[in-house]
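Down below is the structure, laid out as structure tokens.
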Amino acid sequence: MLHEHSLTALRDMLRRREISSTELTRHCLDRIAQHKNLNAFVTVDESGAMSAAAAADEQLARGEADLLTGVPIAHKDIFCTRGILTTCGSKMLENFVSPYDATVVERFHQAGSVTVGKTNMDEFAMGSSNETSFFGSVRNPWDPNRVPGGSSGGSAAAVAACLVAGATGTDTGGSIRQPAAFCGLTGLKPSYGRVSRYGMIAFASSLDQGGPITRNAEDAALMLQCMAGFDPRDSTSINAPTPDMTTLLGTEVRGLRLGLPKEFFDTSVDGEVLEKVRESLAVLERLGATLVDVSLPNSAAGIPCYYVIAPAEASSNLSRFDGVRFGHRSEHAEELVDLYENSRAEGFGEEVKRRILIGTYALSAGYYDAYYLKAQKIRRVIAQDFETAFEQCDVIVGPTSPTTAFPLGAKTQDPVAMYLNDIFTNTVNLAGLPGLSVPCGFDTAGLPVGLQLIGKFMDEASLLSTAHQLQQETDWHQRMPEGC
Amino acid sequence: MEFECVIGLEVHAQLMTQSKIFSGSSTAYGASANTQACAVDIGLPGVLPVMNRQAALMAATFGLAVGATVNPVSVFARKNYFYPDLPKGYQISQYEIPVVSGGSLEITTEAGTKTIRITRAHLEEDAGKSLHEDFHGMTGIDLNRAGTPLLEIVSEPDLRSPAEAVAYLKKLHTLVRTLKICDGNMQEGSFRCDANVSIRPRGEAALGTRTELKNINSFRFVERALHHEIDRQISVVEAGGAIVQETRLYDPDADLTRPMRGKEEAHDYRYFPDPDLPPLVIDEADIALIRSQLPELPDARQARFVSDYQLSEDDAAQLTGQSEIADYFESAVEHAQGESRLTANWINGELMSWLNKSDIGILDSPVTPAMLGQLICRIQDKTVSGKIAKQVFAALWEGDSDGDVDAVIQSKGLTQITDTDAIAQAVNDVIAGFPDQAEQVRAGEEKVIGFLVGQVMKATSGKANPQAVNELLKKQLLD
């Protein structure tokens with residue numbers, strides 16, 4: 001079936017004109033409609049997609065093809081898209097239409113891809129289960145009673161259910177990698193600064209990074225190729241050329257030193273998850289990689305550090321949602337202060353409010369030194385731990401998440417339990433490093449397990465090639481959820 | 001009890017960049033509302049700031065000019081508060097590490113010369129404007145000004161009188177205009193001042209509770225607002241009351257200060273480094289380049305005017321109070337073949353009074369430095385008297401003879417009569433016509449000679465050389 005092909009395969013079929021973009025896009029739109037129960041999309045842009053597909057077909061007919069001409073993809077609803085809704089999973093932006101495209105969206109346009117719609121997400125990317133979305137929970141295609149992970153849960157569910165072959169996500173503390181792990185996908189969070197943040201609605205500016213969610217590493221490389229690169233509109237984007245990721249995929253793992261931090265293999269991790277991670281590492285070892293014991297001694301400080309810095313930045317980033325210029329505006333306001341209080345009280349959900357409160361507190365006079373400043377110091381120590389570990393290895397490996405996908409509602413009443421989902425991922429954001437989750441097996445319940453690969457700064461290539469080599473030897477990434 | 005006041009000033013100087021500090025929008029003044037506000041200025045979701053390097057270099061220029069440290073690395077911070085004309089809910093400013101630290105300015109008042117220390121100068125973005133009229137009980141927002149680059153220059157509390165405050169402010173005003181980093185237009189808000197004021201018993205070291213005066217947008221208002229506030233504080237304290245730390249607005253119409261209606265309750269701005277902007281780096285090469293391009297500063301120019309042009313301190317200070325006036329002077333002197341003092345008198349006197357009457361700046365003066373210089377030459381070579389020169393000046397101002405000084409003198413027949421015979425004829429006529437006065441002079445009342453000189457001048461329509469007239473009269477009556 002058409003939808004079972006990878007992004008790269010579809011791209012090539014389009015180029016060879018074995019299929020048309022119109023046919024493929026129609027197929028995707030039909031599948032999205034058939035899988036509405038997953039709630040993976042907030043907006044489906046049928047007319048926009050079909051006209052983009054028609055334009056792509058004309059281009060292909062002329063024998064012209066850009067990187068992704070005619071390939072349908074979806075964008076996480078955190079990326080601003082001109083002309084269609086950008087909600088960020090929030091009531092606050094329920095009716096918001098951006099007058100401009102995010103740089104990432106623009107680059108996919110330039111590469112010729114077809115945007116079929118905007119995927120569901122945790123509100124303002126704050127969540128690890130996609131249950132904080134104003135537009136309702138997303139369901140995991142592997143088990144509709146379980147969460148797809150978050151915050152890029154809609155993108156993960158859409159790719160896992162083969163509604164599209166690739167989708168964009170964003171990752172502030174694990175929001176690409178954890179849903180990729182929960183949905184049996186390949187998800188890459190690039191190095192901080194590799195992908196422009198312009199037009200990506202900010203959660204925590206020093207941690208946010210956009211990246212691809214796909215079914216295999218080759219597709220992730222292709223999407224990254226399209227997304228990455230310096231953007232003068234983002235002062236934190238890095239002015240360095242993007243290596244040809246797709247060519248580098250062929251790099252062998254022979255001689256590659258894989259570092260296993262003992263802190264990532266402790267008893268807090270589900271036994272089956274550890275077992276699958278170890279099995280996949282054995283595959284890489286067979287391919288010639290060597291396993292090295294390393295340590296990231298301050299990992300345990302990651303969660304508290306992250307949950308000071310991210311909410312602090314968020315509390316300020318979300319101040320612009322005040323009901324004055326755009327977004328939800330309360331109808332119950334007599335005074336200016338009512339307009340602020342009511343618009344924000346009505347427009348934001350519980351988790352967003354919780355984080356704004358935490359962040360506001362952490363930045364308040366008298367607490368700043370004890371929380372924000374201290375967290376910044378810990379952040380440097382955590383980054384230093386990685387640097388030290390990378391003296392002994394080339395790539396750090398471990399589980400992406402301590403468990404497989406959990407049932408809907410299981411952790412909604414316990415924020416800290418929810419936050420612990422990101423225990424292995426958020427230190428990577430704190431250090432600004434690239435991280436990738438790749439499927440490494442299934443637990444006895446039939447749920448996918450993710451292996452996380454962490455690379456040196458700007459070394460996405462090693463992560464993609466390692467994942468690609470693993471995928472040449474295994475078929476976990478080729479399995480599909482039942483009924484999809 | 002005798003009180004002294006302690007004043008510190010915070011000046012917001014709008015930097016003369018073409019575009020805003022963090023976006024590409026124009027900074028031009030006076031466009032219709034919200035036409036110069038792009039996605040970044042409006043604070044749309046997803047937008048990011050990009051530093052305008054020009055603004056940073058202007059700040060560094062200021063730092064060098066006041067002998068401050070230009071910090072090689074400074075940090076942008078977010079100042080968080082809610083207000084409708086603040087689109088992002090925070091203002092990007094600098095907090096812990098500003099671009100400029102330290103420095104000083106020297107001021108001169110009747111009390112003498114004094115050094116005023118500058119605490120810091122930091123870069124920040126301006127907010128928009130709330131428009132309270134024309135919206136029928138609602139408020140309109142104009143974001144054209146949002147994101148305009150400002151340099152906030154903070155002085156130490158070294159000022160001890162409203163006169164000193166004004167002197168400091170004027171000095172700063174001249175400086176930023178000389179450096180061409182700010183146009184200094186106070187009506188348009190390009191140069192704004194807030195004042196922190198407190199009083200204490202003279203001789204006491206501890207500072208009193210201060211109030212902050214806002215909305216003082218002219219030199220005259222600064223002086224008046226400060227006087228009012230100091231008097232108010234003294235009367236509160238003398239009545240046994242205590243000063244409340246608060247922000248007060250100066251109302252120029254009522255000529256008083258009143259507490260500002262709560263913009264917000266107690267502020268906690270929750271400053272933290274802006275994660276969207278890398279630290280601002282100004283390296284040694286930047287500094288060297290700026291230093292090489294630094295214009296002559298007002299103090300140095302004043303000193304040079306005194307030494308090179310033999311001007312009085314007062315004349316030199318007046319001329320260097322605006323760099324355009326000083327430029328005019330130097331150009332005019334050149335055309336006047338080096339006659340500096342007379343040129344200075346003409347600029348500070350006649351030219352200034354015409355400029356003031358017409359309410360225009362010196363750059364718009366119809367009498368150019370070349371014309372004035374030429375006129376000074378004609379005074380020097382006695383073609384015209386000083387008095388006649390004023391008529392020539394007026395004609396030049398009106399655009400007569402395309403500004404050709406000699407043509408104006410010719411066409412109006414204003415050439416001074418230096419021909420002794422012609423003057424002698426007029427002198428004899430006057431002596432004959434005013435015999436009583438002539439007799440008084442002969443009797444030794446020399447003062448009366450002035451009257452007779454005046455009559456001769458009148459008879460010659462002012463064209464006679466007054467010195468020659470004087471000599472001739474004396475010769476005729478006293479020899």
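Name the residues in the stretch A:316-341 that are without any contact (Cβ under 8 Å) to a residue 40 or more places away in the chain, within 18 Å of residue A:96 (Cβ to Cβ), more than 11 Å from every other protein chain (Cβ to nearest Cβ) and of a type outside the set (Gly, Ala, Ser), would you? A:329, A:331, listed by residue number. Here no helices (runs of 4 or more DSSP H) wholly within the stretch A:197-315 include at least 1 residues being within 24 Å of residue A:391 (Cα to Cα) and within 14 Å of chain B (Cβ to nearest Cβ). If you take the residues of the stretch B:49-89 that are buried (at least 22 other Cβ atoms within 10 Å of the Cβ) and hydroxyl-bearing (Ser, Thr, Tyr), which of them is nearest to the other protein chains (Cβ to nearest Cβ)? Within the stretch B:49-89, the match that is nearest to the other protein chains (Cβ to nearest Cβ) is B:74. If you check residue A:148 against the conditions, is it part of a helix (DSSP H, G or I) and either in contact (Cβ under 8 Å) with a residue 40 or more places away in the chain or in contact with a Gly (Cβ under 8 Å, 6 or more places away or on another chain) (or both)? The answer is no for residue A:148.
Residue B:384 fulfils the conditions (1) aliphatic (A, V, I, L, M); (2) closer than 28 Å to residue B:351 by Cα; (3) not assigned by TED's automatic domain parsing to the domain that holds residue B:350 except for a single criterion, (3). Which of the following residues is within 14 Å of chain A (Cβ to nearest Cβ), surrounded by fewer than 17 Cβ atoms within 10 Å (Cβ to Cβ) and among the acidic types (Asp, Glu): B:96, B:133, B:106? None of the other options fit; the residue is B:96. Considering the stretch B:70-131, the qualifying strands (runs of 3 or more DSSP E), each wholly inside and each with 3 or more residues that are aliphatic (A, V, I, L, M), run over B:112-125. Would the stretch A:45-55 turn up any residue that is in a loop (DSSP other than H, G, I, E, B) and either among the aromatic types (Phe, Trp, Tyr) or crowded, with 24+ Cβ neighbours inside 10 Å (or both)? Looking for residues that are in a loop (DSSP other than H, G, I, E, B) and either among the aromatic types (Phe, Trp, Tyr) or crowded, with 24+ Cβ neighbours inside 10 Å (or both), one finds none in the stretch A:45-55, hence no. Of everything in the stretch A:63-86 that is within 13 Å of another protein chain (Cβ to nearest Cβ) and surrounded by fewer than 24 Cβ atoms within 10 Å (Cβ to Cβ), the residue that is farthest from the chain's Cα centre (by Cα) is A:82. How many residues does the stretch A:407-440 contain that are surrounded by fewer than 22 Cβ atoms within 10 Å (Cβ to Cβ) and within 17 Å of residue A:265 (Cα to Cα)? Residues in the stretch A:407-440 being surrounded by fewer than 22 Cβ atoms within 10 Å (Cβ to Cβ) and within 17 Å of residue A:265 (Cα to Cα): 1 in total.
Restricting attention to the stretch B:25-69, the residues that are under 30 Å from residue A:340 (Cβ atoms) and part of a helix (DSSP H, G or I) total 4. Residue count for the stretch A:351-365 satisfying the condition of being surrounded by fewer than 18 Cβ atoms within 10 Å (Cβ to Cβ) and either closer than 15 Å to residue A:419 by Cα or in contact with a helix residue (DSSP H, G or I) (Cβ under 6 Å, 6 or more places away or on another chain) (or both): 1.
Applying a threshold of 6 Å to beta carbon distances and a minimum spacing of six or more residues, or different chains, the list of pairs starting in the stretch B:332-357 at a residue that is in a helix (DSSP H, G or I) and ending at one that is surrounded by fewer than 17 Cβ atoms within 10 Å (Cβ to Cβ) reads B:335/B:370. Taken as a whole, the stretch A:377-393 holds no residue that is within 11 Å of chain B (Cβ to nearest Cβ), at pLDDT 95 or above and farther than 18 Å from residue A:202 by Cα.
Kindly establish whether residue A:173 is away from every other protein chain (no Cβ under 14 Å), assigned to a loop (DSSP other than H, G, I, E, B), surrounded by 24 or more Cβ atoms within 10 Å (Cβ to Cβ) and within 10 Å of the chain's Cα centre (by Cα). Yes.
The values are calculated or read from the model by the stated rules, or taken from the named source; none is laboratory data. Just so it is clear, the model here is predicted, and its values are computed rather than measured. In this analysis, Cβ positions are derived from the backbone assuming ideal geometry, glycine residues included, and neighbour counts consider all displayed protein chains.
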